[in-house]
Amino acid sequence: MAQEITRDTAFFGFSPAIEPALRVAQGEEVHLTTHDCFSGQLKTPADTLATLDWSITNPATGPVYIEGAKPGDLLRVDLLEVTATGSSVMVAVPQVGALGHLIEQEETVILENRDGKVYFKDTVVVDQDPMLGVIGVAPAEGVVPNSTPGPHGGNMDCTLITTGAKLYLSVAVEGALFGCGDMHAVMGDGEVVICGAETPGEVRMTAQVVDIPALPTPFVETEDLVAVIASAESTDAAYKMALDMMHGFLTKVAGLPVNDAALLMSLVGNLRFCQVVDPLLTVRFEFPKKVLADYGFSMPG
Ligand code: CA
Ligand code: ZN
């Protein structure tokens, strides 16, 4: 029997000070429901940011205490299934996001989710590819608002964080205090207008401590690739972090020679934006698992 926690139990900043809402064993399956990033406040095109209660934006369901996880541990979160439910909402708002200088009229758009598709107005139908924008663990001290990404995870808005992905995070407090939310039924890399198809959803997952010395975090593994995620005050600073993190992974964890790692990052690696609209900006560097296998390396477990 999986343990369950609903969107009614949410927090708005990752912090060691929040009482756990659920305690689970390592590897035990957890079912979560999540709110959209507005806590469901935008229901029709007439609902705008002007009437929004900002204090309940970016909710994360949790925190979930992972028994036995302790500071210094590496936590692997396996996303068994990420499912969008209900309808989605998007907003275009003057002076907000990376396109705000071009937007003159605020608009709230409700998008229907049906049969694995997202319906944008009467014009466009796209495949759902649901992902979690906010996912992380508590920092050692203080509070990191859920709007903000960082070494703990948080609002990374990385489109790789979807069904089948494994996310590795560094544990900073007893129990890790995991939470997630801000699901997007679909989102483009960059999240340029300030949102994806913001949607409530359901997540099936497990979390467990694993031992991979020197693994840089946050780190994502999908069927085909691995990626490091870096957030900073500028995309320049973020991409430099991501390059160093991936080169460190390739040389110190996967065992590639220094020059091979650098050459192959340039040959088959991809530097991509996650989002350019949050308080810190996030990029990732992706590297194919097939090339790791050519060097005799595969991710443990
Ligand atoms: Ca987000
Ligand atoms: Zn979002």
Which of Lys117/Lys166; Lys43/Lys166; Lys166/Lys289; Lys121/Lys166; Lys70/Lys240 exceed 22 Å between C-alpha atoms? The answer is Lys117/Lys166; Lys43/Lys166; Lys121/Lys166; Lys70/Lys240
Scoring the range 24-93 by relative contact order with C-alpha pairs under 8 Å, at least six apart, yields a percentage of 38 percent
Distance in Å, no decimals, from the C-alpha centre of the range 143-209 to the one of the range 77-110 is 16 Å
Neighbours of Ala261 by Cβ distance under 12 Å: Lys/Arg at +1, Asp/Glu at -1, summed charge -1
Counting only protein heavy atoms and rolling a 1.4 Å probe, one gets per residue an accessible area for the range 3-210 in Å² of 41 Å²
Taking Cα atoms, the helix 235-248 axis meets the longest principal axis of the chain at an angle in degrees (rounded to 10) of 30 degrees
Scan of the chain for GluC sites (Glu not before Pro) in DSSP loops with at most 10 other beta-carbon atoms within 10 Å gives a longest site-free stretch of 1-103
Note on the range 166-255: contact order normalised by length, alpha-carbon pairs under 8 Å, 6 or more apart, percent, works out to 26 percent
Relative contact order of the range 3-210 (C-alpha contacts under 8 Å, at least 6 apart) in percent is 34 percent
Computed for the chain: size of charge dipole around the Cα centre, +1 on C-beta of each Lys and Arg, -1 on C-beta of each Asp and Glu, debye to nearest 20, value 520 debye
In the range 12-162 the accessible area split gives carbon plus sulfur, as whole percent at 1.4 Å, a share of 54 percent
For the chain, longest principal axis from Cα atoms; helix 258-268 axis from its Cα atoms; angle between them, nearest 10 degrees, is 40 degrees
With the dipole of the range 146-288 defined by +1 on each Lys or Arg Cβ and -1 on each Asp or Glu Cβ, the option from Phe273, Leu250, Thr217 whose Cα lies farthest towards the positive pole is Leu250
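The values are calculated or read from the model by the stated rules, or taken from the named source; none is laboratory data. Predicted model, so just to flag it, every value in this text is computed and none were measured. With ideal geometry, Cβ positions are generated from the backbone for all residues, glycine too; neighbour counts draw on all protein chains shown. Note: accessible area is taken over every heavy atom of the protein model, side chains too, but ligands, DNA and RNA are not part of it. Shrake-Rupley method; radii C 1.70, N 1.55, O 1.52, S 1.80 Å.
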